[in-house]
Amino acid sequence: MSAMGSLRKPFDRIIVGIIALLLLIAAALVYFSWTHVHERALVATDDLLEDRIRSNTAELDGWFGAWHNALELEADHILTHDSIRTEELIDRWRTELGTHWPITAIRLADEDGSELALVRNDSLVQTSWHLPTAASRPTLTDTTSPPVDTARTGGSGPTDPRMTTWFSQALQNRTVDPTWSMSDSTGELYVSQLLRPQSDSLPYRVLQITIDPKRSADVIAGHGRDDMPAALLALPGGLTIPLMRSTTHGDSLQLPELVMAQWQANPSDRPYDLLGANIKLRYRFQVYPLNGLPANLGTMVYAGPAYDASYRARMLVIFAGALVLLFAVVLFIAYRRKQVDLERLRAQEESAHAQQDQLSKALGEREVLDREVHHRVKNNLQVVSSLLNLQATKLDDGPVKDEFLRGKQRIDMMALVHHKLYGLPDLRGIDLQRLFNDLVLSLQTVHEPKSRTVSCAVETSGIKADTDTAIELGIILCELVSNCYRHAFPYATGGHIDVNVQLVDRDLHRLIVKDNGRGLQRERGKASLGLEIVEALAGQLDGSFHVRSNGGVTFEVLFRMDPQPVQQ
């Protein structure tokens, strides 16, 4: 009881520690879930936002690409035909303005300051020339064609194109792509490209297309799908171009103004949340590269489902936290009750320990008595052996004296068994391996010098026996091994003896003594007294005795014995 109690206490402490650790982990998971539930709920929304950003970027690339293509087509045509009639050029430009509604003007200027422009004013399309001086000749197109009548077109323009931003940026551009600029006064976008003529006699020219952002937004929104989210293009100077309609909450909420106000207060490329009474949006701005013009593209998605999922997840986290707290309270109550029970068991254990000490003391006294019994039996048998030895001296040599001495030797073997039992440390479960090893060594000494050429191996498979069974098995072993020494090896070559104890089934065991000697040489009709003794002892053990002679002799003793408990 004391040993079990000493083992139970550390085990209980380990269980309590593991449960406490699990509760701490559960509490940590609840806290982590509470602090990150909103971010996890917005994962799907952020994925949708990234998809929308890619879609909007592709849509925007398509529109800006269309303007790039229009400019590059005109540039290629002008470069291919260095001398082109003004009327032909104006006709081409009229077609471009009719095809692309956002384009409000197309201009061609050279390094001398000459400019030819086709401008859309409301529903009218007008052509104008700008010449640096009245005596200058236009070098933009075919000089054989007179310029357009200034009375019809309004005369030369007042602005020198070389003083404009789009002209200077086109000259400074080091890439093959057109460059973008913006008018600070009107908010118009300019895309321009430098044209290097094939003829050295002609000056450098710059082709420019003017785009009205409001017209662009109207066209893109008109072609956009109903499920497309709102998108904004933020340009320098605070200009915002709403590129796509938002069908989620309508325009009455003025989403572009609200989004731009929040983003401009702290510009970043991270996601933002715009929350209100009737609005739940998530948006993000990223740089949209336009050659020469910094721009940012903002994309918005509806985040209502994500916030609803976040609310439900928070409720689940609160419920899980309540369960963890309830579980902790229940475990604490159970732990306190366990402590009370342990105190009661400790008192009972102390009482049982006192009784166990008394029982151990009684068992110790009994073991001392058993050792004393074996010692006295051994002494008495030695006295009998001494008396028989004295009696043998009065007998004449012959068969009678030999049998007399064999009987005296059997008494010596019984005394040897009791002597070895007396020397064992534990008599409650006798280790047959140790007992048989001691007996075999003693028998080798008795049968010298013949035993010097005979080896002996003992294997008992760790089987333990009670005292009475050990005594009878010891006598059987001594009789069989002695029989091998006396009869199995008549020649000087010697041999080998195997002793083996095996468990057959439950309480049935087998003792085998096997030699590789000359075999059984018993005369017909004449029984050996030693083998009869072995057979009688096997019967006392509720077993049987068998002898087989085949290249030596095998003695097999089957006996029954209850398994002995392992002593701590």
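The values are calculated or read from the model by the stated rules, or taken from the named source; none is laboratory data. Computed from a predicted structure; not experimentally measured. Glycine also receives a Cβ, built like all others from the backbone with ideal geometry; neighbour counts cover every protein chain displayed. These area figures cover heavy atoms from the full protein model, side chains too; ligands, DNA and RNA do not enter into them. Shrake-Rupley method; radii C 1.70, N 1.55, O 1.52, S 1.80 Å.
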**Asked** Given a 1.4 Å probe and the protein chains all in place, what does the accessible area of Y307 round to, in Å² to the nearest 10?
**Response** 40
**Message:** If I take R0 = 30 Å and measure r between the Cβ atoms of I25 and R336 in this structure, what FRET efficiency does the formula 1/(1 + (r/R0)^6) give, to the nearest 0.05?
**Reply:** 0.85
**Item:** Ranked order, W63, W166 - accessible area, probe 1.4 Å, largest first
**Value:** W63, W166
**Complete:** A 1.4 Å probe over the protein heavy atoms gives the range 468-550 a carbon and sulfur accessible-area percentage of 45
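What accessible area per residue, rounded to a whole number of Å², is obtained for the range 262-365 using a probe radius of 1.4 Å?
Numbers: 6700 Å² over 104 residues.
For the range 262-365, the per-residue accessible area is 64 Å².
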**Message:** Given an 8 Å cut-off on Cα distances and at least 6 residues of separation, report the relative contact order of the range 252-356 as a percent.
**Reply:** 13
**Prompt:** Which distance in Å, rounded to a whole number, links the C-alpha centroids of the range 275-332 and the range 17-94?
**Reply:** 21
**Request:** Mind checking which of V440, I463, I475 is farthest towards the positive end of the range 426-519's charge dipole, using Cβ charges of +1 (Lys, Arg) and -1 (Asp, Glu) about the Cα centre?
**Result:** V440
**Prompt:** Ignoring ligands, DNA and RNA, what accessible area per residue does the range 454-568 give at 1.4 Å, in Å²?
**Reply:** 52
